[in-house]
Amino acid sequence: QVQLVESGGGLVQAGGSLRLSCAASGRTFSWLAMGWFRQAPAKEREFVASIEWDGSNAAYADSVKGRFTVSRDNAKNTLYLQTNNLKPEDTARYYCAARRGPALSTSPTSFESWGQGTQVTVSS
């Protein structure tokens with residue numbers, strides 16, 4: 001498995017931006033598709049974004065499309081999520097996850113490794 005550590009969360013006003021990072025170690029990061037998920041209190045974990053092993057293709061939840069951008073730097077073993085125009089409903093704990101293979105996915109059950117998460121709080 002790959003070990004994942006998220007960072008970059010915080011408290012921001014509505015309309016603001018944050019850049020989340022996910023540092024990976026262990027298995028070869030560059031071979032794996034990666035994803036971002038989030039979970040708000042009393043809600044189920046939901047898909048945010050996913051990116052293929054080489055960054056050639058990405059998918060987004062409708063709720064974040066046009067505001068969030070997922071990217072990766074395989075040389076640095078790091079995944080990113082640029083979040084712009086944040087809204088109070090984006091408040092959640094954000095998790096990065098590594099898939100079992102190179103193709104992206106929107107299903108959390110297809111991801112085998114998870115980080116501990118980073119909290120994003122958006123005030124109105």
Seminar exercise, completed: Regression test value, accessible area per residue of the chain, probe 1.4 Å, units Å², expected 49
Exercise. Calculated FRET efficiency, LEU11 and LYS76, Cβ-Cβ r, R0 25 Å, to nearest 0.05?
Worked result: 0.40
Problem set entry | Choice from ALA24, ALA40, ALA49 showing the highest fluctuation, given a GNM over the chain with Cα pairs closer than 10 Å | ALA40
For this session: In whole angstrom, note down how far apart the Cα centers of the stretch 92-124 and the stretch 43-63 are.
Result: 9
For this session: Express in nm, to one decimal, how much length is gained between GLN39 and SER110 on full extension, taking 0.36 nm for each residue of separation and deducting their alpha carbon distance.
Result: 23.9 nm
Exercise. Using a Gaussian network for the chain with springs between C-alpha atoms less than 10 Å apart, which of these wobbles most: ARG67, ARG99, ARG38?
Worked result: ARG67
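The values are calculated or read from the model by the stated rules, or taken from the named source; none is laboratory data. Computed from a prediction, not measured in an experiment: that's the story for all the values here. Neighbour counts run over all protein chains shown; Cβ positions are idealised from the backbone, glycine included. The protein model used for the area step is the full one, side chains on, heavy atoms only, and it has no ligands, DNA or RNA in it. Shrake-Rupley method; radii C 1.70, N 1.55, O 1.52, S 1.80 Å.
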